[in-house]
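Q: Take a look at the following structure, please.
Please treat every number below as a calculation from the coordinates, not as lab data. These figures come from a predicted structure and were not determined experimentally. Positions of Cβ are backbone-derived with ideal geometry, glycine not excepted, and every protein chain shown enters the neighbour counts.
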Amino acid sequence: MSNDKRNLHYLHELSKYEVANDDPDVRGWDLVDGDGRHIGKVDNFLVSKDAMRVRYLDVEIDKKIIDKEHKPLKTGKTGGTHEYINQEGDNHLIVPIGMVRLDNEHKEVYTDKIDSNTFDTTERVEKNKAIDPAYEVYVVEHFTGSETGYRNKVTDAAFYDRDVFRHQQYQGR
């Protein structure tokens, strides 16, 4: 019996899980934002074992974006102190599965609902870092621009009962 209480797991960590036969495996596909800008490549999937569903795409950010040395500041816990949210080695971010559409012909993933400025100011994480519920809430609120009602709460099934997690696969640009 495992002591792992994480809500999300990277697909490569789950030996008995794989992409369903009728779904494309988008790992390695380019992620293109709402402005038509290349953001990075899909590196992995984050899966809820309980629901047996992909919840997020794990995206490795394009080096050109990181090389801009754009390190957005966030307000510290005390309110007056600021800290950088993107540190050395933070080159991944997660994108909720319901916020993308797939172009099977061109092998690209599009995020029409997320623009380049939003990606620029998104907190990133290290590759394969365990994703905690606070980061999930942050990402969903940051990408949607609205409160989830889950601040300082552990995510549960109700958290995933929103459009950003309902993927409607369709093709084309």
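Q: In what sequence, highest mean first, do 10-19, 31-40, 53-62 appear when ranked by Cβ atoms within 10 angstrom? Could you put the intermediate results ahead of the total?
A: On the way: 10-19: 12.4, 31-40: 18.7, 53-62: 21.5.
Listed from highest to lowest mean packing, they are 53-62, 31-40, 10-19.
Q: Can you give the extra length, in nm with one decimal, that the chain gains between Lys63 and Lys107 once fully stretched, where that is 0.36 nm per residue apart less the Cα-Cα distance? Let's see the in-between values first.
A: Numbers: separation 44, 0.36 × 44 = 15.84 nm, distance 2.00 nm.
Separation in residues times 0.36 nm, less the Cα-Cα distance, equals 13.8 nm.
Q: Now a separate question. Amide H neighbours of Val125 under 5 Å, at least 5 residues apart or on other chains, H built in the peptide plane: list them.
A: Distant-sequence amide H within range of Val125: Asn91, His92, Leu93.
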